[in-house]
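Structure first, then comments.
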Amino acid sequence: MLQAGTVTSRKTEGGMWGYNSVGHERHVAMIVMFVLALSICLWIDSSTAADLLVAGIRAAVQLSAVGFGLQYIFAIESTAVAYSGVAIMVLAAAHTASRRAKGVSGGFWVALLAVGTAVTSRPPVAAVCDSHRGIVVAAA
């Protein structure tokens with residue numbers, strides 16, 4: 001049973017997943033905000049403008065790659081594959097966090113515990129695969 005605030009998706013004509021809750025307006029707003037922040041950095045002669053530009057492009061490329069990867073994972077329509085994808089993301093997040101905490105003994109395990117706790121402490125999420133309507137994700 002779907003509850004308020006749930007996210008549903010449907011297959012698009014190309015066979016990949018399209019989310020109804022994210023429109024092009026949000027992408028345009030994100031680009032406008034980024035250009036505004038970059039303009040302010042340039043206006044005040046900040047030395048961080050180049051770093052901001054590189055970070056913005058890098059983030060866009062990385063998030064696009066993750067988005068395409070998630071589309072592929074959900075196109076398979078397997079709950080086991082979806083949970084495996086989540087596990088890989090948790091491990092990647094723990095690895096990234098542990099690299100930033102160089103002075104922490106057992107940093108990877110501390111980060112894995114933190115990220116794993118954050119992921120599993122949320123209300124359970126059920127992923128129901130339905131070949132006719134696509135995948136429906138709903139909070140239990």
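The values are calculated or read from the model by the stated rules, or taken from the named source; none is laboratory data. No experiment lies behind these values; they were computed from the predicted model shown. In this analysis, Cβ positions are derived from the backbone assuming ideal geometry, glycine residues included, and neighbour counts consider all displayed protein chains. Just so you know, the surface numbers come from the protein's heavy atoms only, side chains and all, with ligands and any DNA or RNA stripped out. Shrake-Rupley method; radii C 1.70, N 1.55, O 1.52, S 1.80 Å.
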Checklist entry - Which of the residues that make up region 66-86 are of a type outside the set (Asp, Glu) and in a loop (DSSP other than H, G, I, E, B)? => result Ile76, Ser78
Next on the checklist: I'd like the residue in region 49-87 that is more than 14 Å from the chain's Cα centre (by Cα), under 30 Å from Leu38 (Cβ atoms) and not aliphatic (A, V, I, L, M) and, out of all such residues, is least open to solvent (accessible area, probe 1.4 Å).
Outcome noted: Gly56
Checklist entry - Counting just the residues of region 1-30 that are in a helix (DSSP H, G or I) and exposed (fewer than 12 other Cβ atoms within 10 Å of the Cβ), which one comes out modelled with the lowest pLDDT? => result His24
Checklist entry - For region 88-140, what are the residues that are modelled with pLDDT of 85 or more, loosely packed, with under 15 Cβ neighbours inside 10 Å, closer than 23 Å to Gln71 by Cα and of a type in the set (Gly, Ala, Ser)? => result Ala92
Checklist entry - Considering Leu70, Leu53, Leu63, which residue is under 30 Å from Val119 (Cβ atoms), among the aliphatic types (A, V, I, L, M) and in contact (Cβ under 8 Å) with a residue 12 or more places away in the chain? => result Leu70
